[in-house]
Amino acid sequence: MKNVNHVITTFKESIFATLTNLAREHNAINLSQGFPDFDGPDWVIQNAKDAIAQGAQGSNQYAPLQGILSLRQVLSKIYKRHYDLNYCEHTEVTITNGATEAIFSSILALINPGDEVIIFEPFYDSYVASIKLAGGIPVPVTLHGPRFNYQTDKLSEAFNDKTKLIILNSPHNPTGKVFNTSELEEISKLCISHDTFCLSDEVYEFLTFNSNVHQPMATFPKMKERTITISSTGKTFGVTGWKIGWTMASPEITYAIRMVHQFNTFCVNHPLQIAIAKSLQELDEYLILFKKSYTKKRDLFFSGLEELGYLPIKPQGTYFIMCPIANKTKLKDVDYCMELIKKKGVATIPPSSFYMLSNDGENYLRFCFAKKDETLKTALLKLK
Ligand SMILES: Cc1ncc(COP(=O)(O)O)c(C=O)c1O
């Protein structure tokens, strides 16, 4: 029998499956994967029930390839209102199956075999897989703790004639870093001088704390035409299982993305698009409570870790905390993570698999604090 696609054979089963099984076996509190252990708001869930029950406008049948118009319209208005960005709902907005499909379709739309793609590590794990499936070459640049800044010389050296795309993720999973204006300016200038596209993964756009402000890369001079802005509502509404995401890009890039989307998934869950379109109309009021609740969770868990003698790094955004482990153990991240599951009954993520170049990840654990307050308090008690 002939072999399967040789690119796939380079993909290993992630450590997360093993850890999830171990966590289940030890009945551990799960602070590993990035999703809430509570439901999204009742009114958002009700909007989905209504959309299915009413069946209006064929809501239980295929949706249009590009996504339903009402959702594209409301998104277009949000980008104008929040960021002063103009995206045409007809030619520049595409609804995808979560940000993950948006990333995959955008990379396939842009990358030819041999093209280089710069990624910051630690990275969201779908980037490397998508780049490799497109025949591209991932070129990592490390964000070193504790501030997770990149080294300017390393970033400039990563750009060359083969560079087609850079992937930026801000607010950043897993470090909680929000890229600041001067970093974004520097990256944008490199993109322009090397004629490079930018895929800007902004799924945590509304999850920033204190004075940290999210700035979409597309707002920087001459960047809108070369940037694919990607986001989704999984994190914002706490419904990660709904997988409603999107891309915002120029008509030319959007056309290419839609062609990949057309022959991959064709379209996205219709009633949930209707529910999200309706829910997004209440976005601004909702965000006030949303930020307040997550700021409280961050502070609760961060100070709890400090009281236990950890030296966590305060996230500027996202719902993750990166925590150095050297003052607690001689073990590396994967082994320490297993020890915490077995001995303390708390599951976390060992970040070393989010790196290609550096061993930095071995020195941290990632905690997810998108959990009920009582879950966070129980986890802290168990970690004692
Ligand atoms: C940085 C980043 N990008 C994309 C995604 C995927 O988003 P979605 O669930 O909308 O596919 C995640 C989910 O954890 C993420 O952390």
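Each value in this text was obtained by applying a stated rule to the coordinates, not by laboratory testing. Note that the structure is predicted; figures quoted are calculated from it, not measured. Using ideal geometry, Cβ is built from the backbone for each residue, glycine included, and neighbour counts are taken over all protein chains shown.
In segment 135-245 the Cα-Cα distances spread across 10 Å bins starting at 0 as 13, 44, 34, 9, 0 percent of all pairs. If the segment from residue 91 to residue 25 were pulled out straight at 0.36 nm per residue, it would be longer than the present Cα-Cα gap by 18.8 nm. Here each label is just a point 7 Å from Cα along the line to Cβ, and for residue 80 and residue 266 those points are 3.3 nm apart. With coordinates expressed along the principal axes, the C-alpha atoms belonging to segment 207-267 extend over 42, 35, 10 Å, beginning with the largest. Here the gap between residue 18 and residue 38, fully extended at 0.36 nm per residue and compared with their Cα-Cα distance, gives a gain of 4.8 nm. Judged by the mean number of other Cβ atoms found within 10 Å, the most tightly packed of the peptides 82-90, 368-376, 227-235 leads the ranking 227-235, 368-376, 82-90. From its DSSP helices (H runs of at least four residues, each -39,500 (n - 2.57)), the chain gives a residue-normalised ellipticity at 222 nm of -12000 deg cm²/dmol. Here the calculated FRET efficiency for residue 61 and residue 259, from their Cβ-Cβ distance with R0 = 30 Å, stands at 0.85, rounded to the nearest 0.05. All distinct Cα pairs of segment 196-335 go into the 1/r average, and the inverse of that average, the Kirkwood radius, is 17.9 Å. Across segment 84-153, the fraction of Cα-Cα pairs farther apart than 14 Å, rounded to a whole number, is 66%.
Could you calculate the FRET efficiency of residue 222 with residue 126 from 1/(1 + (r/R0)^6), where r is the beta carbon distance between them and R0 is 25 Å, rounded to 0.05?
So the FRET efficiency works out to roughly 0.35.
The peptide list 31-37, 116-122, put in order of mean Cβ contacts within 10 Å with the highest first, becomes 116-122, 31-37. Working note: Cα gyration tensor of the chain, eigenvalues times five, square-rooted, sorted largest first, giving semi-axes of 31, 27, 21 Å.
Between segment 359-380 and segment 76-94, what's the alpha-carbon centroid distance in Å? Distance between centres, Cα-based: 35 Å.
Bridging of residue 330 to lysines at a Cα separation below 22 Å is possible for 342, 343, 344, 382, 384, once same-chain residues fewer than 8 apart are set aside.
Over 29 Å between C-alpha atoms is what I'm after, so list which of 49/292; 12/235; 224/296 land there. Cα-Cα > 29 Å for 224/296; rest within. Counting beta carbons within 10 Å around each of 125, 284, 42, 201 and listing the fewest first gives the order 42, 284, 125, 201.
Sparsely packed loop sites in segment 65-160 (the trypsin sites (Lys or Arg not before Pro) outside DSSP H, G, I, E and B with at most 11 other Cβ atoms within 10 Å) comprise 147. By DSSP, the beta bridges lying fully in the chain are antiparallel in about 45 percent of cases. Counted by Cβ distance under 13 Å from residue 48, the other residues give a net charge of 0, where Lys and Arg count +1 and Asp and Glu count -1.
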